[in-house]
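Below is one structure, written out as structure tokens, with a few remarks after it.
We did not get these values from a lab; they are worked out from the coordinates using the rules stated. On a predicted model such as this, the values are computed, not experimentally measured, just so you know. Every residue, glycine among them, receives a Cβ derived from its backbone with ideal geometry; neighbour counts consider all protein chains shown.
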Amino acid sequence: MEEVTGYLQGERNYYNLKGGTGPLVYPAGFLYVYRFARYIAGGDGTDIRSAQWLFVLVYLANRLVVGFIYKRAFCDARRGRDLELGRWKFAIALALLSLSKRVHSLYSLRLFNDCVNVLLMNVAILLFLSPKLPHRNHWASLAYSLSVSVKMNSLLYAPAVLLLYLQSSSVFSTLVSLSICAGVQLVLGYPFLSTYPIPYLRKAFELDRAFFYKWTVNLKFLPESVFLSPPLSLSLLFLHLSGISYLALLLLLVL
């Protein structure tokens, strides 16, 4: 919530927005979410308990949405023995989700923007899984773009989202969905795009930034020199793109 202070004081240059952990590196949706969280936390961000309760609600909302996603995946459109097996899978998946210490830490202690980001992304996934909903891709596009506006990690879903567009709708409908995604970013980012567009695009979507070693969890086993080395970043990017390409090839063969 420290990073919101400059924005509330009228600063619109992203180069000048920063907090105790460094410069602001998230899109405009992040600022709006934590502006609201700051308001809940006493107006100045000092009432941490109130902010924690807010994130408890986000946690419960995410659990509910994920529960519906699991139900669609394991139970819907199944009959007989498959339905019974699906119900067992559904129950086990929910139990494992409830036992995640990492998830509890993120929502109740750290209050990271990942929590809101993932909630919105899961809402988008649930909407994609709702065939009876009119214009489901358009509604899902709205939720997806809102997720990107909180943290650009959701861009990793973009290849799959584009595939869903092309599989389930016409080219025109796909263009409408993409326009919705772009429109949300333009509307939310307008205060910054209309004043200091380059700093906003450079920092909010900083694809080449290096992460601090002290904040990593999954790669803590690596020496800091290796973690910060460009070859590691390029290798991870190559593996990611290779995985996407491989899955795309499999889908083309199936279709």
Need the C-alpha centroid separation for the stretch 109-151 versus the stretch 1-49, integer Å.
22 Å
Cα-derived Rg over Rh, computed across the chain with Rh taken as Kirkwood radius
0.98
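Please express the shape of the stretch 112-255 as an equivalent ellipsoid: the semi-axes are the square roots of 5 times the eigenvalues of the C-alpha gyration tensor, given largest first in whole angstrom. Working shown, then result.
Values: eigenvalues 170, 98, 41 Å².
With the √(5λ) rule applied to the stretch 112-255, the semi-axes are 29, 22, 14 Å.
What percent do you get for the relative contact order of the chain when only Cα pairs under 8 Å and 6+ apart count?
On the way: 242 pairs, mean separation 57.4, N = 255.
Relative CO of the chain lands at 23 percent.
Cut-off is 10 Å between beta-carbons; in what order do Tyr165, Tyr144, Tyr39 appear when sorted fewest neighbours first? The partial results should precede the final answer.
On the way: Tyr165 22, Tyr144 28, Tyr39 17.
Placing the least packed residue first, the sequence is Tyr39, Tyr165, Tyr144.
Which shape class applies to the stretch 210-255: rounded if a/c is under 1.5, otherwise prolate when a/b exceeds b/c and oblate if not, where a ≥ b ≥ c are the square roots of the Cα gyration tensor eigenvalues?
On the way: a/c = 4.36, a/b = 2.98, b/c = 1.46.
Prolate shape, in that a/c is at least 1.5 and a/b is the bigger ratio.
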Most exposed first by the Cβ proxy, i.e. fewest other Cβ within 10 Å, how do Lys18, Lys151, Lys132 rank?
Lys132, Lys18, Lys151
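What list do you get for Tyr14, Tyr196 if you sort them by fewest beta carbons within 10 Å? Please list the in-between numbers first.
Working: Tyr14 29, Tyr196 18.
Lowest to highest Cβ neighbour count: Tyr196, Tyr14.
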Sequence gap of 8 or more, or different chains, plus Cα separation below 30 Å: how many lysine pairs satisfy both in the stretch 4-209?
12
